[in-house]
Amino acid sequence: MSTAIFYHAGCPVCLGAEQMLANAIDSKKYTIENVHLGTHAKRIKEAEEAGVKSVPALVLDGEVFHINFGAAIADLKN
């Protein structure tokens, strides 16, 4: 089973996307990991290395999908 990693900052845009993805992704094919970068700031570097430029974003099979726009990764570092 593959892992789908959903990076977010807890903003309303992110939370809406989280609910949408939870209902849309096939749980038989993917384990969904939700990573709140505001509370898990140590994982910002991991998100950047995966190619995440802003949140909310989904990393699925090594591909980054940016969903709407809540915050830039650079803004989360401050």
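Of note:
- Test: residue in segment 42-64 that is open to solvent by 60 Å² or more (accessible area, probe 1.4 Å), in a strand (DSSP E or B) and farther than 18 Å from CYS11 by Cα: yes
- Residue count for segment 25-41, restricted to those that are over 11 Å from the mean Cα position of the chain (by Cα) and under 16 Å from CYS11 (Cα atoms): 4.
- Contact annotation: residue pairs with Cβ atoms under 7 Å, 6 or more positions apart or on different chains, pairing a residue in segment 1-19 that is under 20 Å from THR31 (Cβ atoms) with a partner that is assigned to a loop (DSSP other than H, G, I, E, B) and of a type in the set (Val, Ile, Thr), are ALA4/ILE25; TYR7/VAL52.
- Those residues of segment 25-38 which are closer than 15 Å to ILE5 by Cβ and either open to solvent by 70 Å² or more (accessible area, probe 1.4 Å) or among the polar types (S, T, N, Q) (or both), in sequence order: SER27, LYS29, THR31, ASN34
- In the set (1) open to solvent by less than 80 Å² (accessible area, probe 1.4 Å); (2) at pLDDT below 90; (3) of a type outside the set (A, V, I, L, M, F, W, C), the condition left unmet by PRO12 is number (1).
- Test: residue in segment 16-30 that is assigned to a strand (DSSP E or B) and at pLDDT below 95: yes
- Tally, over segment 21-78, of residues that are among the aliphatic types (A, V, I, L, M) and in contact (Cβ under 8 Å) with a residue 60 or more places away in the chain: 2
The values are calculated or read from the model by the stated rules, or taken from the named source; none is laboratory data. Computed from a prediction, not measured in an experiment: that's the story for all the values here. Neighbour counts run over all protein chains shown; Cβ positions are idealised from the backbone, glycine included. These accessible areas exclude ligands, DNA and RNA; they are computed on the full protein's heavy atoms, side chains included. Shrake-Rupley method; radii C 1.70, N 1.55, O 1.52, S 1.80 Å.
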